[in-house]
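Written below as structure tokens is the structure these notes are about.
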Amino acid sequence: MSAEIHVNRFSDINSPLTRQQRIASLRDRRVRIGSAHSPVATLLHRALCPIVAVVTLLVYMGVLGQGLDAEYLALLMLVFLISSQLITPPEPRAGMKIRQWITRVAPRLLFEWSCVVGVLLFLGFAVKASALYSRPMLVLWCFSTPVALIAAELFKTRIVRALSGALTGSHAKAQKHIVVGANELGMELTRRAHNTCGSVLAGYFDDRDPDRLPTECRSHLRGTGADIVRFVQDNAIDAIYIALPISAAPRMTHLLNELRDTTASVYFLPDIFSFDVIQARVVEIDGLPVVSICDTPFNGISALRKRGMDVVLASVALLLIWPALLIIAVGVKLSSAGPVLFKQRRYGLNGEEILVYKFRSMTVCEDGGKVVQAVRADKRVTPFGSFLRRTSLDELPQIFNVLQGKMSMVGPRPHAIAHNEQYRKLINGYMIRHKVRPGITGWAQVNGLRGETETVDKMRKRVEYDLDYLRHWSVWMDLKIIFRTIKLVANDSQAY
């Protein structure tokens, strides 16, 4: 009863005193973004790949009788630092067969490891230190480390348990947890907790009638909210996960007050997955926790990686194709009257207007309130323009848009403003695609959605792929799209 009075008193927004007390209380509080795993599990989850790279090198040094002198100590430190920045942890198996999982993660892992080796080679030759190390040993290490990385990830759970037992001097006892709220979210939490750190479910607790609960939860139902504290005390429960909806805040407050008489750790699991999340993450603003529901993938280090890759790829491409740009420009000028470049206003990052460059392929340069999409056998397309459009060479000037920072090498394709204004009213989530820079090529284009979008359904499908790109972006995904684009351009019946 006192807990309910406490909640009502704090929620009374008409009381100036209560409001001042709450503001003062919030200003003094901080939340840190941490981990619910054991120290060993946390370390391995965050640094398993660089640790494996270092350990593999140490093994080769020991086998070949190489002492740990200053040069090799510096190399080990560089390997750890560079690997921790360039290698992303492989995705969990999540029930996949081993062969299927290896097929999915191996290409990206090999690429990222190649980047690590490339950086090490560059530094070695730059400071003229490559002669200090055994080249046969380094070659063996470079080729065997990816195998070690995959093996370590496959057996990560067993490694965590073995190391935990070694550090505690005994076999590590599996943690036990309960879930308050017998629902799909609590079931998924239990599966992941078992897979990552071996935590064992002791039971679900829910105030609803058992007939209303998922079938999988009924056999593990241990009682209602009134039974939780006694069960935790009698069964030495390590962790309590509250998977109740936010509307159950008064019940959670009452439960938290009762759980103060136990030593179990208590976690609240917000059901953000009931929303259509895009780049969901937990962040903190000066100690205030914030859950991101819809965000851009390009924040922090990711933004630097994306922009750095764009600048490097665009610069290399410009150095390689500038003669072709000149030849195409002359061809456009000689083939028909009009400017060489076609400039059209389109929406860029955050919906801001940008000018997108293309080689002119038509006899018109539409950029008004009504823009007619090109269709097959369009009479506005010039003969030379038809060749440019079929081979996508008309898009090459957008490399300058990339160097300006207005576009990216990979991203959702920009549409004419007239089309944006039309489709944003018809397709839910259409403007979310503008949370990233538009790209010269994109995930939708390499999945058969290139060219004319004469129906709303085609545009809706394209937007679905664009949003899927936002959800799953990675450097490897960008490179995969670029490679697939190169193959696609050579034989694409949808380009006209």
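The values are calculated or read from the model by the stated rules, or taken from the named source; none is laboratory data. All of these numbers come straight from a predicted model, not from anything done at the bench. Note that we place each Cβ from the backbone using ideal geometry, even for glycine, and neighbour counts take in every protein chain shown.
Is at least one residue of the range 87-95 without any contact (Cβ under 8 Å) to a residue 12 or more places away in the chain and either surrounded by 11 or more Cβ atoms within 10 Å (Cβ to Cβ) or on the phi < 0 side of the Ramachandran plot (or both)? Checking the range 87-95: not a single residue is without any contact (Cβ under 8 Å) to a residue 12 or more places away in the chain and either surrounded by 11 or more Cβ atoms within 10 Å (Cβ to Cβ) or on the phi < 0 side of the Ramachandran plot (or both). Across the range 185-239, the qualifying residues are those that are in contact with a strand residue (DSSP E or B) (Cβ under 8 Å, 6 or more places away or on another chain) and of a type in the set (Asp, Glu), and the one among them that is surrounded by the fewest Cβ atoms within 10 Å (Cβ to Cβ) is 227. If we scan the range 64-84, do we find a residue that is surrounded by fewer than 17 Cβ atoms within 10 Å (Cβ to Cβ) and at positive phi? The answer is yes; a qualifying residue exists.
Every test in (1) farther than 22 Å from residue 36 by Cα; (2) under 36 Å from the mean Cα position of the chain (by Cα); (3) not aromatic (Phe, Trp, Tyr) is passed by residue 244 save one, and that test is (1).
Out of the residues in the range 287-319 that are among the hydroxyl-bearing types (Ser, Thr, Tyr) and in a helix (DSSP H, G or I), which is modelled with the highest pLDDT? Per the stated criteria, the residue is 315.
Among the residues of the range 443-470, the ones that are out of contact with any Lys or Arg (no Cβ under 9 Å at 6 or more places or on another chain) and hydrophobic (A, V, I, L, M, F, W, C) come to 3 in all. So is residue 111 within 32 Å of the chain's Cα centre (by Cα), at pLDDT below 85 and more than 18 Å from residue 57 (Cβ to Cβ) or not? No: the conditions fail for residue 111. You will find that of 261, 271, the residue that is charged (D, E, K, R) and surrounded by 15 or more Cβ atoms within 10 Å (Cβ to Cβ) is 271 and no other.
Of the residues making up the range 196-206, one or more are over 27 Å from residue 42 (Cβ atoms) and not assigned by TED's automatic domain parsing to the domain that holds residue 463. Across the range 422-446, the number of residues qualifying as over 18 Å from the mean Cα position of the chain (by Cα), under 15 Å from residue 412 (Cβ atoms) and part of a helix (DSSP H, G or I) comes to 5. Of all residue pairs spaced 6 or more apart or on separate chains, none has beta-carbon atoms under 7 Å together with a first member in the range 344-372 that is at pLDDT 85 or above and a second member that is exposed (fewer than 15 other Cβ atoms within 10 Å of the Cβ) and among the hydroxyl-bearing types (Ser, Thr, Tyr). Would you confirm, using the coordinates I've provided, whether residue 71 is farther than 29 Å from residue 34 by Cβ, at pLDDT below 90, part of a helix (DSSP H, G or I) and not hydroxyl-bearing (Ser, Thr, Tyr)? Judged against the criteria, residue 71 is a match.
Could you tell me whether residue 449 is surrounded by fewer than 16 Cβ atoms within 10 Å (Cβ to Cβ) and part of a loop (DSSP other than H, G, I, E, B)? Answer is no for this residue.
Would you confirm whether or not the range 437-454 contains a residue that is at pLDDT 90 or above and under 22 Å from residue 273 (Cα atoms)? No, that holds for no residue.
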